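Working notes, beginning with the structure itself.
The values are calculated or read from the model by the stated rules, or taken from the named source; none is laboratory data. Predicted, not measured: the structure shown is a model, and the values here were computed from it. Ideal geometry is used to build each Cβ from the backbone, glycine not excepted, and the neighbour counts take in all protein chains shown. For accessibility, only protein heavy atoms count, side chains too; no ligands or nucleic acids. Shrake-Rupley method; radii C 1.70, N 1.55, O 1.52, S 1.80 Å.
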Amino acid sequence: MATLTIASKNYGSWSLRGWLLCKMAGLDFEEEQAKSDDPATRAELLLLSPSFLVPCLTHDGVKVWDTLAIAEYLNELNPDAKLVPADRAARAHCRAISGEMHSGFINLRSALPMNLKTHYPDFKVWAGAQADIDRVLAIWRECLATSKGPYLFGRQPCIADAMYAPVVTRFLTYDVKLDAQCSAYCKVIMALPQMEEWIAAAKAEPDELEELAVEF
């Protein structure tokens with residue numbers, strides 16, 4: 001009944017978001033990996049736009065390709081999955097920070113692209129990207145202070161955690177210095193069984209995207 005088309009698991013940050021959302025929603029889906037020469041795939045992997053045709057969810061005759069649209073579709077499909085907080089104020093906050101991730105942080109994305117196979121200790125972050133990092137950490141601290149964690153809005157992961165999960169991997173790949181609270185949150189996200197499954201598959205992925213390897 002459902003198919004999710006994704007790009008590279010090593011580089012595809014938006015694909016990871018869509019995939020995590022489907023897993024969190026309990027959707028039974030088949031996974032289809034687009035070819036690296038597909039224009040929509042390359043648009044995502046080369047960071048050409050905040051909105052792509054990949055990931056793309058096809059379900060029950062409906063085709064949804066924007067990550068936030070996928071999130072809202074899944075929330076309507078299975079509200080019992082609690083992809084958004086029950087409290088009205090928390091729900092609005094969740095959607096606001098998810099939208100901010102969706103449309104912003106361009107410097108962070110460009111300077112620290114997702115790459116799960118690599119680690120750069122003592123990576124030098126330039127000022128433009130550092131401002132984005134500081135904003136992400138401020139968002140996390142505010143959410144965790146309000147919800148008491150371990151996830152951004154309480155005891156279970158939601159849309160916001162899926163939206164920021166690729167950023168967690170970036171911070172680890174590029175050795176970004178974190179305070180104790182944000183470091184603990186990163187460990188919580190990385191310990192999700194879905195994240196472990198995705199990362200294992202990413203590390204097993206063949207190194208065939210030469211242009212991207214050079215770019216990154």
Scanning for something at pLDDT 95 or above and open to solvent by less than 50 Å² (accessible area, probe 1.4 Å), does the range 116-123 turn up at least one residue?
yes
The residue from Ile139, Ile70, Ile133 that alone is at pLDDT 95 or above and closer than 17 Å to Trp19 by Cα is Ile70
Restricting attention to the range 84-99, the residues that are exposed (fewer than 15 other Cβ atoms within 10 Å of the Cβ) and under 16 Å from the mean Cα position of the chain (by Cα) number exactly 2
Among residues of the range 51-78 being surrounded by fewer than 16 Cβ atoms within 10 Å (Cβ to Cβ) and out of contact with any Gly (no Cβ under 7 Å at 6 or more places or on another chain), the residue nearest to Pro166 (Cα to Cα) is Ser51
Residues of the range 139-152 being open to solvent by less than 40 Å² (accessible area, probe 1.4 Å) and either of a type outside the set (Gly, Ala, Ser) or out of contact with any strand residue (DSSP E or B) (no Cβ under 9 Å at 6 or more places or on another chain) (or both), in sequence order, are Ile139, Trp140, Cys143, Leu144, Gly149, Tyr151, Leu152
Ala81 passes all but one of the listed conditions (1) among the small types (Gly, Ala, Ser); (2) at pLDDT below 95; (3) open to solvent by less than 60 Å² (accessible area, probe 1.4 Å); the exception is number (2)
Going through (1) over 19 Å from Met24 (Cβ atoms); (2) surrounded by 14 or more Cβ atoms within 10 Å (Cβ to Cβ); (3) of a type in the set (Gly, Ala, Ser) one by one, Gly128 fails only at (2)
